[in-house]
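J.: Got a structure here, written out as C-alpha cells. Questions coming.
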Amino acid sequence: MILARGWMEVEVGLDVHAGAQTGGLNATEHVGFTYGISKQAALYARLPFHLTHEQDSLHDAEAAGFVDPLLGVQVEWFRKRAPTTSIISDLQIQVPVPRGDRYGDSAIASPSDSMMAATGVPSLGVELAAKHQLGPVAVTAGVASVHPFLSIVPYTIEIGTGQATARLKPGDQLSLRIETTLQVGPLAIGGELRYRAWSFAAMTPDVLGLAAPNALEPIPASDGWSLAASPILSVNVSRGVDLDFAMRVPLHVEDESFYLLNPSRAEQGLTYSSALRVRF
C-alpha cells in the first residue's frame, strides 16, 4: 500500500522465534516509519532491536543490540480500477550498525552461536509485486532479489575442525511469494507462501582477509533454499489503526552450517509476529 502524499504511518512490531537449539527467548522488536512523498511513492525506515536469552544446562546468558536498519522507497508504477490492479516496486538498503563484536562491526550472535541476528554486511534489495483485487478477495505476487556486499571487517568462523579469519560475502538471495487476502468487515484474513534461495557464500583465501575482492572463493555447501507458509490476520481497530498477526511455518529449509553467512538457522522453527500500525 502506498500512503497518500503527506501521510505518515508508524509501526511497532515484535517477532518471536521458537526455533533456537536451546531454550529461552529469541525476539526481534522493531520501529518503522513510512511517509508518502507523492500519490505514487513513499519512503520508509525500519530499526530492529534483537534480544536473545538462552538458558539450559550449558548456557545462561543473553545478547542484545540494534541490528541492520532498513531504508527504502516504494513506487506504484501502474494502477487500474474495476477490478483494482496495481504494480509496485520496492527498493531497500540494509545499513549495518557499528558494534565491534567478534563477528564484525554489526553482527549479533546468541550466547551459544545457535542463532544469528545479523551478519554485519550491507546489502541492496529490490522487489517487484503485482496485486489484483476482485471484490473482497485480493491476490498479490512478488519476486525479490537481495545482493549482499563484501564485508569490510574480518570474521573468525569455524570450518570443520579448524578456524579461519577472512573477509566474507554472503550469497545472493532470490525469493518468490504469493499472498491471498479475504476482507470480512474489519478483518483481513490471508496467507502467504514464500520460496527463498541463496547462492554460495564466498571468502578471501588468505588468512588475514587482505586479498582483493575478486579473489573470493565459494564456500562449498553454503547454498540452499527454503519454503514457508504464513497465515496472516489483520484487524482494523479504528480509523487509521491496524493490528497485524502472523505465524511463519517452515515447510523446508536446508540444514546448512554456515548460518553466520546465510541465515537459514533463523528459518528453522516457528516465528510468531505482531505489529501495531497507526496512520496520521
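Read-outs: derived from the displayed coordinates by stated rules, not from any lab. Everything numeric here is computed off the predicted structure, so don't read it as measured data. Every residue, glycine as well, gets a Cβ built from its backbone with ideal geometry; the counts of neighbours run over all protein chains shown.
J.: Mind giving me the FRET efficiency for Q40 and D172? R0 is 22 Å, r the Cβ-Cβ distance, nearest 0.05 is fine. Walk me through the numbers before you get to the answer.
T.: Working: r = 29 Å, r/R0 = 1.30.
That gives a FRET efficiency of 0.15.
J.: Within a Cβ distance under 11 Å of Q74, other residues only, what is the Lys/Arg minus Asp/Glu net charge? Don't skip to the end; give the middle numbers.
T.: Working: positive: none; negative: E76, D90, E127.
Neighbourhood net charge equals -3.
J.: Further, regarding this structure: Report ³J(HN,Hα) in whole Hz for each residue of segment 72-80, in order, from the Karplus equation J = 6.51 cos²θ - 1.76 cosθ + 1.60 where θ = phi - 60°; Gly and Pro get x.
T.: x, 9, 10, 10, 8, 8, 8, 9, 9
J.: If you don't mind, there's one more thing I want to ask. Among T52, T180, T140, T271, rank each residue by its count of other Cβ atoms within 10 Å, from fewest to most, as a rough exposure measure.
T.: Numbers: T52 26, T180 15, T140 18, T271 22.
Neighbour counts put them in this order, fewest first: T180, T140, T271, T52.
J.: If you don't mind, another one. Which lysines have a Cα lying under 18 Å from the Cα of K131, excluding residues fewer than 8 positions away in the same chain?
T.: Answer for K131, where 18 Å is the Cα cut-off: K39, K80, listed by chain and number.
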